[in-house]
Amino acid sequence: MLPYDLRPAAYDSADAQVLTDEVQLEYVRRYGSEGGDINPIDAADFVPPVGQFFVAYVDDVPAAMGGWRRHGDDAEIRRMYVRPQFQRRGLARAVLDNIESTAREAGFARLILETGLEQPEAIELYRSAGYADIPAFGFYAEEELSVHLGKQL
């Protein structure tokens, strides 16, 4: 496990936006779309009590991010990302564990998420953490490459 510092952050903070820009380029690379993830996200979605967002730092360098926002009665995981140079060192699991515990503390009983078939490492992470298939929801509900998962907290 890499030593890290996981901090609450505003979704529109400079570090979160640098990581968001990187993950958008990754979506373009994997899915071939020109705009990356076009699902609209408002920074206010991640302000407690309706959501929270986190950035993990390694030696004060932003290395990973992720958050949750209210989606009906559930909390939805959004923007999980680990920079390539920090992957396979436990950061994704640490961010996911934090998302789960803070969503539980906020009173949510279930976390849901949408990812895609071109992100097998994400699917593997979520399934290994107990996430299972759920009915499609949200912006990408009709997309054939979408995978929808959920977990009772």
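Here, each number is a calculation from the coordinates, and none is a lab measurement. If you're wondering where the values come from, they're calculated on a predicted model, not measured in any experiment. Every residue, glycine as well, gets a Cβ built from its backbone with ideal geometry; the counts of neighbours run over all protein chains shown.
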- Item | Cut-off 9 Å between beta-carbons: net charge of the residues surrounding Arg70, Lys and Arg +1, Asp and Glu -1 | -3
- Query: Treating the beta-carbon of each Lys and Arg as +1 and of each Asp and Glu as -1, no other charges, what is the dipole magnitude of the chain about its Cα centre, to the nearest 20 debye?
  - Reply: 480
- Structure-based [θ]222 nm, the chain - -39500 (n - 2.57) summed over DSSP H runs of at least 4, per residue, nearest 500: -9000 deg cm²/dmol
- Message: Test of understanding: ordering Leu125, Leu25, Leu96 by Cβ neighbours within 10 Å, fewest first, what list do you get?
- Response: Leu25, Leu125, Leu96
- Label-point separation (nm) for Ser128 and Val47, each offset 7 Å from Cα along Cα-to-Cβ? 3.7
- Query: For the range 72-134, max minus min Cα coordinate along each principal axis, in Å, sorted largest first?
  - Reply: 34, 22, 18
- Message: Along the Cα→Cβ direction, 7 angstrom out, place labels at Phe139 and Asp73. What is the inter-label distance in nm?
- Response: 2.5
- What size of dipole, in debye to the nearest 20, comes out for the range 113-153 about its Cα centre when the only charges are +1 on Lys and Arg C-beta atoms and -1 on Asp and Glu C-beta atoms? 280
- Message: Show me the ranking of peptides 133-139, 88-94 by mean Cβ neighbours inside 10 Å, starting with the highest.
- Response: 88-94, 133-139
- Exposure proxy order (Cβ contacts within 10 Å, fewest to most) of Asp15, Asp74: Asp15, Asp74
- Please state the Cα pair-distance histogram of the chain with 10 angstrom bins from zero: what percent is in each bin? 11, 43, 40, 6, 0
